[in-house]
Amino acid sequence: MARKNGAVRASMLGVTAIAGMMMLGAAAQAAELRLLTWGGYAPDEVIDLFEKETGIDVQVTLSNNEDMISKLRATGGGGFDLAQPSQDRIAGPQQEYGIYKPLDLSKIDGAQFIASMFEATKANTTVDGAVYGVPHVWGTDGLVLDTSKAPNVKDYLDLCSDEVAGKVSYRLRRPTLIAFAFSMGLDPFAAYGDEAKYQEILDAVEAKLIECKPNVKTYWEGSDGLVNLLLSGEIVAAMAWDTGGWRLNNDNPAMNFVAPTSGALGWIDTFAMPAKADNEDEAYQWINFVMKPEIAAMITASAGNFTASKGADAFAEDKLKEQFQASFPQEALDNINWYPPVPAGLETLEGKTLDRIKAN
Amino acid sequence: MADQFDLECRNVGKNFDRFVAVDNVSLTIPKGSFFSILGPSGCGKTTLLRMLAGFQEPTSGDILIKGKSVLGVPPNRRPVNMVFQHLALFPMMNVADNVAYGLRRRGVDKATINRKVAETLARVGLPDSGPKQISQLSGGQKQRIAIARCLVLEPAVLLLDEPLGALDLKLREHMKVELKQLQHEIGTTFVYITHDQSEALVMSDQVAVMNAGKFEQVGTPQDLYYNPQTAFVASFVGESNRWRGTVGETTGDYVAINLDKGGVILADKAAHASLPTGQDVEIFVRPEAIAIGRSDAAPDPVPGNNSLTGTVENVLFNGAASSVQIRETATGHEMSVALPQTGAFANLRAGDVINLAWHASQTRCFAGVLPSGIEGGQS
Amino acid sequence: MTAASSTGQGNGVRLGVVLLATPLLLWLLVLVILPHVDLLLVSLRERIAFRQYEFSFANYIAFFVEPLYWNTYVRTAVMSIMATVLTLIIGFPVSYYIAKIMRGRGKNVLFMMCLIPFWVSELVRTFGWMILLRESGVISSFLQWAGLVDGPVEMLYNDVTIMVGLVYTSMLFMVVPLVSVLDSLDDSLIEAGYDLGGNAFTVTRDIVIPHAMPGIASGCIVVFMLTLGNYLTPNLLGGKDSLWFTEQIYTQFITRFNWESGSAFGFLLLVLSSLIVWIGLKLSRQTLADTVR
Ligand SMILES: Nc1ncnc2c1ncn2[C@@H]1O[C@H](COP(=O)(O)OP(=O)(O)O)[C@@H](O)[C@H]1O
Ligand SMILES: [Mg+2]
């Protein structure tokens, strides 16, 4: 009975695939919507309102970018009716694995979206002339600091300073590579089209992050773990999402999200339709429903991030708006580096870099 | 004086919590003798033996081996070895390694070990069995290897805990003789425990009969058989016809015992002088002490003879050990009587009426009434 | 006629056997064989362009030329072996105590105490360790309170902690087979060992361990496999330095979408563990059949 975890996981994927296919058969009858999304994006109160209005039963599966792609890849785009990957992670996986189907924009009420974000997202998620994503929630990656103990951390590179030695955390994921590249004065986004150039940037970042490793307490994985590390004082500075900083700020005014001088990294999570989605109409109904300003505000309250819904700001909590404005003065807002779509293949290079950083 | 004895126990006792397993036992075992401890299962034999081997410490008393107290000496430093009830041969080693085990622990050199192992295996009659696995041996062979494993160490005393218990009857009979022979040849002191009286009687120089943690009687097999000192010994060793009764009046050299269920039996007055009139007693008469005769040839009345008539109920033919079951005519008592080995009564049949007679000196009475249930080894 | 009825009965029996075996065969086929065949096929292809794959050994070659993966592989194997040995060294006396020295209720209580950690999930157990060992955790606070150290001490995120976690997680899987195999050892064999002049060391070496060998082997195999395949414990307790091969496989599959190299790694792990188990069995002169007795 020599069976390894890796192998087990692979067979799990296989089983998931079978289960997914079986679900396909059963799904059609009842009005339901299977949502593959992030924590906080589909709060219970919103689901209740939606069910009351439409009679559609919503089933939520929580996930993250990589997990969404893995799940959909394993089932060939089945098992779910609507997914919420980041806008930069749609075109590449779509070209590679064909896990999404084009959106029927005529079924989406475009007038509910902030126009610039709507257009930018459509452009970034277009493959072979078809649009695969429309924006939902957006936010940034930057610095989350205990400003009383790390007053001099202004940019990502400052995480490697002696002042905060051993009291730093970040994720060992691609955003960290991108962030440090910007902080080192490089422009990784400009090199997206040129693998050789991109590899050079990765090598420089790799060297920096290996050098910086002694400063790191641990690489955080989940936001709860990160919040814990900061609250207990075990770390004082981290690279993390803006919402994490604002959450901490509610408990301790010294802690906050700070936009780094080289620019926060802007992400937009979208709506995209898996290739084997069964309940398309229900999915469009959900999109149009949650983009209503008052509903979008409820999602902002639950997720901590703002949405692409036009006019939802009016319904948002004042405290959150204040926190946002404190973190993002106008020049910081202008300075945000928005992720362009990741070309397929880059992730393999990044993966190797990340593996080497971990191993050193 | 003391080193005349290989093994001596002085007032040894062992309690498990409040339960007394061994009660104030004293014994001395002369060098080179075969000493058996005989008693029913649960009477404390194993416990006593384990104290001799050193696996259990006595609660009270002292144990001396070759004149020296061994209290506090662990089993691996006592000059005694034990053959376990289930032999405890090491299945992970072959026969030669089993026998060599103790010598290896003593750090004996290889050549000597090989020589001694070969000698010992030859002595127990299994010279070629060295490379065999334990599982390849028969029951009797295992038995001999277990003994060889101890003998090779030349212990002062060899302790054996019912080593024949697991063997079938035929093999057991054979091994009895063989063990006795072996002990005789090597001259090692054996302490042998068993619940089987025939094993004890056949093999031993001395037998201690044990009951409920106490020694009832210690003596030669003949002693125990012919002169039991307690009702327990009389009932446990050999077969007997048993009655209950009370001591009646004395006439000359003889005292009459009135049986509870009717009838009178005569016993020697001298042998039972300590029993007052009216005392409740148990009466024992050995089956072979009773002479039988045809009813037409009525025996002459001899003073002190018990004389009865009875009807044969069953003839239990067993060759030289044949007997008959008889119902006494006057009182209806059931009796067992040995048939003479001459074959004189070979034509006896159920329903035949015969005369029975034994002399008063063959009647044995013990004060008190034994609790029922302790019926000894009639094998 | 007799012949006809007897064949009919034979068929009935055979049908029964087939029916009985069907779930097992299905299970083997669907959950064991098929995924592994699929895994092998996936591991033997290389991405050329979008949705284009070619047969190649590139994934296996990548493993051997990139020292990083190779090192992780060796490190995982060595730490797993160490964890197994440590678990055995700690587990053996515990099992001996439970099986041979404790009597009655105390025995059950002690055995249950070995079980208790397994009533909660591995995740919860590992978090328990983190709460104890972290810089702001229970032990660090206690040491400071007792004045033994000046500042907070971090006991997480190093290999020793990983080892402690692995041994703790594995203990039950060592103790259960050992207790059962030691229970089956006749006390009189041990006594005979002493009676013939052995001491605690020689009796353990010559009698107890040879008897317990099948239990030792099966305990070690299970612990080794579990440790090698463990993901949570090295990951959570090891922090930034937790290099573990299963983690690497997981990463390849889930965060790198690189099923090809993930499958190749999976296969290499299968080969590695089979090889180590085989060597272990050879060295201890056991067979797999012994260990499942
Ligand atoms: N370790 C022990 N704890 C408690 N009681 C015991 C122990 N060993 C023996 N006994 C009791 O002592 C009595 C005598 O046992 P044992 O010596 O084994 O008898 P045997 O004459 O059959 O060998 C039995 O009633 C047994 O239950
Ligand atoms: Mg006994």
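Please specify each residue of segment B:307-347 satisfying the condition of being surrounded by 17 or more Cβ atoms within 10 Å (Cβ to Cβ) and assigned to a loop (DSSP other than H, G, I, E, B).
Those that are surrounded by 17 or more Cβ atoms within 10 Å (Cβ to Cβ) and assigned to a loop (DSSP other than H, G, I, E, B): B:S322, B:H333, B:L339, B:F345.
Do we find that B:I29 is crowded, with 19+ Cβ neighbours inside 10 Å, modelled with pLDDT under 95, away from ligand 2 (no atom under 15 Å from the Cβ) and more than 10 Å from chain C (Cβ to nearest Cβ) in this structure? Give the steps one after another, and end with the answer.
Values: crowded, with 19+ Cβ neighbours inside 10 Å: yes; modelled with pLDDT under 95: yes; away from ligand 2 (no atom under 15 Å from the Cβ): yes; more than 10 Å from chain C (Cβ to nearest Cβ): yes.
Yes, satisfied.
Test B:V108 against the stated conditions and say whether it is farther than 30 Å from C:D290 by Cβ, surrounded by fewer than 21 Cβ atoms within 10 Å (Cβ to Cβ) and without any contact (Cβ under 8 Å) to a residue 12 or more places away in the chain.
Working: farther than 30 Å from C:D290 by Cβ: yes; surrounded by fewer than 21 Cβ atoms within 10 Å (Cβ to Cβ): yes; without any contact (Cβ under 8 Å) to a residue 12 or more places away in the chain: yes.
Here the answer is yes, as B:V108 does meet what is asked.
Go through the residues of segment B:70-85 one by one and say whether even a single one is among the polar types (S, T, N, Q), within 16 Å of ligand 1 (Cβ to nearest atom), in contact (Cβ under 8 Å) with a residue 40 or more places away in the chain and more than 14 Å from chain C (Cβ to nearest Cβ).
no
Residues in segment C:229-252 that are under 14 Å from the mean Cα position of the chain (by Cα), over 15 Å from C:Y157 (Cα atoms), within 7 Å of chain A (Cβ to nearest Cβ) and not β-branched (V, I, T): how many?
Counting residues in segment C:229-252 that are under 14 Å from the mean Cα position of the chain (by Cα), over 15 Å from C:Y157 (Cα atoms), within 7 Å of chain A (Cβ to nearest Cβ) and not β-branched (V, I, T) gives 1.
Test each condition in (1) surrounded by fewer than 20 Cβ atoms within 10 Å (Cβ to Cβ); (2) outside the structural domain of A:N305 (by TED's automatic domain parsing); (3) touching a helix residue (DSSP H, G or I) at 6+ places or on another chain (Cβ under 9 Å) for A:S148 and report the one that comes out false.
(3)
Within segment B:17-129, considering only helices (runs of 4 or more DSSP H) that don't extend past its boundaries, which have at least 1 residues that are farther than 23 Å from B:T189 by Cβ and not hydroxyl-bearing (S, T, Y)?
Here the list reads B:95-105, B:110-123.
Kindly indicate which of B:M203, B:M210 is touching a residue at least 60 places away in the same chain (Cβ under 8 Å) and within 16 Å of ligand 1 (Cβ to nearest atom).
B:M210
Looking at this structure, is C:L237 in a helix (DSSP H, G or I), surrounded by fewer than 23 Cβ atoms within 10 Å (Cβ to Cβ) and not small (G, A, S)?
Against the criterion (in a helix (DSSP H, G or I), surrounded by fewer than 23 Cβ atoms within 10 Å (Cβ to Cβ) and not small (G, A, S)), C:L237 does not qualify.
Examine segment A:305-326 for a residue that is within 30 Å of C:F253 (Cβ to Cβ) and at pLDDT 90 or above, and state whether such a residue exists. Talk me through it step by step, then tell me what you get.
Residues of segment A:305-326 within 30 Å of C:F253 (Cβ to Cβ): A:305.
Then keep just the ones that are at pLDDT 90 or above; that gives A:305.
Yes, the conditions are met somewhere in segment A:305-326.
With away from every other protein chain (no Cβ under 14 Å), of a type outside the set (K, R) and either within 16 Å of ligand 2 (Cβ to nearest atom) or surrounded by 20 or more Cβ atoms within 10 Å (Cβ to Cβ) (or both) as the only criterion, which of B:E249, B:E282 stands out? Give the derivation first.
Values: B:E249 fails: either within 16 Å of ligand 2 (Cβ to nearest atom) or surrounded by 20 or more Cβ atoms within 10 Å (Cβ to Cβ) (or both).
Just a single option satisfies the conditions, and that option is B:E282.
Quick one: in segment C:255-293, which of the residues that are buried (at least 21 other Cβ atoms within 10 Å of the Cβ) and aliphatic (A, V, I, L, M) is nearest to the chain's Cα centre (by Cα)?
C:L269
Which one is farthest from B:Q217 (Cα to Cα) among residues in segment B:32-48 that are away from ligand 2 (no atom under 14 Å from the Cβ) and not hydroxyl-bearing (S, T, Y)? Quick ask: steps written out before the conclusion?
Kept after step one, since they are away from ligand 2 (no atom under 14 Å from the Cβ), are these residues of segment B:32-48: B:32-35.
The next check asks that each one be not hydroxyl-bearing (S, T, Y); those that pass are B:32, B:34-35.
Numbers: B:G32: 21, B:F34: 16, B:F35: 13 Å.
Here the residue is B:G32.
I need the full set of residues from segment A:146-157 which are touching a residue at least 12 places away in the same chain (Cβ under 8 Å) and closer than 21 Å to A:N335 by Cβ, in order please. Please lay out each step first, then the result.
Residues of segment A:146-157 that are touching a residue at least 12 places away in the same chain (Cβ under 8 Å), as a first pass: A:146-150, A:153-157.
Scanning segment A:146-157 gives A:T147, A:A150, A:V153, A:K154, A:D155, A:Y156, A:L157.
Tell me which of these B:G165 doesn't satisfy, since it passes every other one: (1) within 16 Å of ligand 2 (Cβ to nearest atom); (2) modelled with pLDDT of 90 or more; (3) not acidic (D, E).
(2)
Would you check which residues across segment B:243-292 are of a type outside the set (G, A, S), more than 22 Å from B:Q325 (Cβ to Cβ) and outside any strand (DSSP E or B) and list them?
B:D253, B:K269, B:H272, B:L275, B:P276, B:T277, B:Q279
Can you pull out the residues in segment B:170-197 that are more than 16 Å from ligand 1 (Cβ to nearest atom) and not in a helix (DSSP H, G or I)?
Going residue by residue through segment B:170-197, those that are more than 16 Å from ligand 1 (Cβ to nearest atom) are B:170-190.
Listed by number, the residues that qualify are B:G187, B:T188, B:T189, B:F190.
For B:T46, indicate whether it is in contact (Cβ under 8 Å) with a residue 12 or more places away in the chain, closer than 23 Å to B:F232 by Cα and more than 15 Å from ligand 1 (Cβ to nearest atom).
Against the criterion (in contact (Cβ under 8 Å) with a residue 12 or more places away in the chain, closer than 23 Å to B:F232 by Cα and more than 15 Å from ligand 1 (Cβ to nearest atom)), B:T46 does not qualify.
Run A:E234 past the list (1) of a type in the set (D, E); (2) more than 30 Å from A:L36 (Cα to Cα); (3) more than 14 Å from chain C (Cβ to nearest Cβ) and report the number of the one that doesn't hold.
So the condition that A:E234 fails would be (3).
Go through (1) surrounded by 15 or more Cβ atoms within 10 Å (Cβ to Cβ); (2) in a helix (DSSP H, G or I); (3) among the polar types (S, T, N, Q) and name the single condition A:S106 misses.
Here A:S106 meets the rest and fails (1).
So which residues in segment C:54-76 are surrounded by 14 or more Cβ atoms within 10 Å (Cβ to Cβ) and either in contact with a Phe, Trp or Tyr (Cβ under 7 Å, 6 or more places away or on another chain) or within 11 Å of another protein chain (Cβ to nearest Cβ) (or both)?
If the condition is that a residue be surrounded by 14 or more Cβ atoms within 10 Å (Cβ to Cβ) and either in contact with a Phe, Trp or Tyr (Cβ under 7 Å, 6 or more places away or on another chain) or within 11 Å of another protein chain (Cβ to nearest Cβ) (or both), then C:A62, C:F63, C:E66, C:L68, C:Y69, C:T72, C:Y73, C:R75, C:T76 are the ones that fit.
The values are calculated or read from the model by the stated rules, or taken from the named source; none is laboratory data. A quick note: this is a predicted structure, and the numbers were derived from the prediction, not measured. Don't worry about glycine lacking a Cβ; one is built from the backbone with ideal geometry, like all the others, and counts go over all protein chains shown.
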